[in-house]
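The values are calculated or read from the model by the stated rules, or taken from the named source; none is laboratory data. Here the structure is a predicted model, which is why all the values come from computation and not from measurement. Using ideal geometry, Cβ is built from the backbone for each residue, glycine included, and neighbour counts are taken over all protein chains shown. Just the protein is used for accessible areas: all its heavy atoms, side chains included, with ligands, DNA and RNA removed. Shrake-Rupley method; radii C 1.70, N 1.55, O 1.52, S 1.80 Å.
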Amino acid sequence: MISNPAQQAVDAAITSRRSIRAYLDMPVAREDIEAILRVAARAPSGTNTQPWKVHVLQGERKRRLSSAILAAHNDPELARQHTEEYAYYPREWVSPYIERRRKVGWDLYALLGLTRDNKAGMAAQHGRNYEFFGAPVGLIFTIDRVMEQGSWLDYGMFLQSVMVAARGRGLDTCPQAAFTQYHRIIREQLALPENETVVCGMALGVADLSKIENSLITERMALEEFVKFVE
Ligand SMILES: Cc1cc2nc3c(=O)[nH]c(=O)nc-3n(C[C@H](O)[C@H](O)[C@H](O)COP(=O)(O)O)c2cc1C
């Protein structure tokens, strides 16, 4: 079996990535953000189309976006007027995905001491998405509408590369589809041209490991469940 320092470093960067939902009040240097994005942009894309665009938000600009979204999110009447532009999840949930989805949700809520009847508590936790979970850096990812499914595949590789490059620097992330619901507010705040659509957001910063939500370790299928050596 192959074992060497490069393999160990790469594996560690990949396997130490977890979705982090509470951050320390510690800034990330602009050079580090740039380095992460420069490394991630080495991700492959069909015919090298590089369909990614990243909007980096910090300080006042990040606060402004958060408060505009939370103003809508915290008002049920207003929140209903905001719907996502693309379906990230299936319209109809089926097994085994529905069970996995429920498990990660309940595991997180259980850690936070939120019981099934505590709808307000769960809504408040969901609302933390829009503050990028307190991360110093908020990233908003957009793509040109003319790009098709293949480019979204490329985009996933780019996003994972951002998260892994962040890990290599001791930084943490949480990819966030939650932002897609409020794409109209994001468009306005970031002056996005009509042809750009929001793919997702991402929190970036240093994990606050004293926070219970960051102790969540999600499960993965056993290799035999998703791999078949064809003979
Ligand atoms: C594209 C994408 C969007 C996601 N959106 C959210 C989100 O809006 N809020 C959130 O708390 N987690 C979000 N997640 C995190 C997933 O819940 C998480 O990746 C999954 O449960 C596995 O856990 P792990 O990332 O800690 O390994 C998202 C993940 C991906 C890949």
- Report the FRET efficiency, 1/(1 + (r/R0)^6), for VAL56 and SER16, where r is their Cβ-Cβ distance and R0 is 25 Å, rounded to 0.05. 0.60
- Message: If you roll a 1.4 angstrom probe over the protein chains with everything in place, what fraction of the accessible area of region 144-206 belongs to carbon and sulfur, to the nearest %?
- Response: 56
- Task: Express in Å², to the nearest 10, the accessible area of GLU225 obtained by rolling a 1.4 Å probe over the protein heavy atoms while all chains stay in place.
- Result: 130
- Listed highest first by mean packing, meaning other Cβ atoms within 10 Å per residue, what order do 136-143, 121-128 come in? 136-143, 121-128
- Over the Cα atoms of the chain, Rg to Rh with Kirkwood Rh, two decimal places? 0.96
- Item | About the Cα centre, charge dipole magnitude for region 1-49 (Lys/Arg +1, Asp/Glu -1 at Cβ), debye | 180
- Residues of region 101-231: accessible area per residue at 1.4 Å, in Å²? 52
- Note on the structure: Between the modelled labels at VAL227 and ASN195 (7 Å from Cα along Cα→Cβ) the distance in nm is 4.2
- Dipole of the chain, Cα-centred, from +1 at each Lys and Arg C-beta and -1 at each Asp and Glu C-beta, to the nearest 20 debye? 280
- Query: Of THR197, GLY46, ILE20, whose Cα points farthest to the positive end of the dipole of the chain (charges on the beta-carbon: +1 Lys, Arg; -1 Asp, Glu; origin at the Cα centre)?
  - Reply: ILE20
- Message: I need the per residue convex hull volume for region 22-155, using only the alpha carbons, in cubic angstrom as a whole number.
- Response: 165
- Message: Would region 147-211 count as rounded, prolate or oblate if I go by the C-alpha gyration tensor, calling it rounded below 1.5 in a/c and otherwise prolate when a/b exceeds b/c, oblate otherwise?
- Response: oblate
- Query: So for the chain: antiparallel DSSP bridges make up what percent, rounded to the nearest 5?
  - Reply: 95
- Item | Three semi-axes of the equivalent ellipsoid, region 13-55, Cα gyration tensor, whole Å, largest first | 24, 15, 10
- Dipole moment magnitude, nearest 20 debye, region 32-105 about Cα centre, only Lys, Arg, Asp, Glu C-beta charged: 220
- Given the convex hull over the Cα atoms of region 91-142, what projected area results after averaging over all orientations, in nm²? 5.3
- Message: At 1.4 Å probe radius, can you tell me the per residue accessible area of region 27-82 in Å²?
- Response: 64
- So for region 92-211, using the alpha carbon gyration tensor with a ≥ b ≥ c as root eigenvalues (a/c under 1.5 gives rounded; past that, a/b versus b/c decides prolate or oblate), I'd call it prolate
- Message: As I understand it, the dipole of the chain uses +1 on the Cβ of Lys and Arg and -1 on the Cβ of Asp and Glu, about the Cα centre. Which of ALA110, ALA177, ILE33 lies farthest toward its positive end?
- Response: ALA110
- Note on the structure: Row for region 1-81, column shape: gyration tensor on C-alpha, a ≥ b ≥ c, rounded if a/c < 1.5 i.e. under 1.5, prolate if a/b over b/c, else oblate; value prolate
- Which value, in nm² and rounded to one decimal, describes the direction-averaged projected area of the C-alpha convex hull of region 45-106? 7.6
- Compute the relative contact order of the chain as a whole-number percentage, counting only Cα pairs closer than 8 Å that sit 6 or more residues apart in sequence. 38
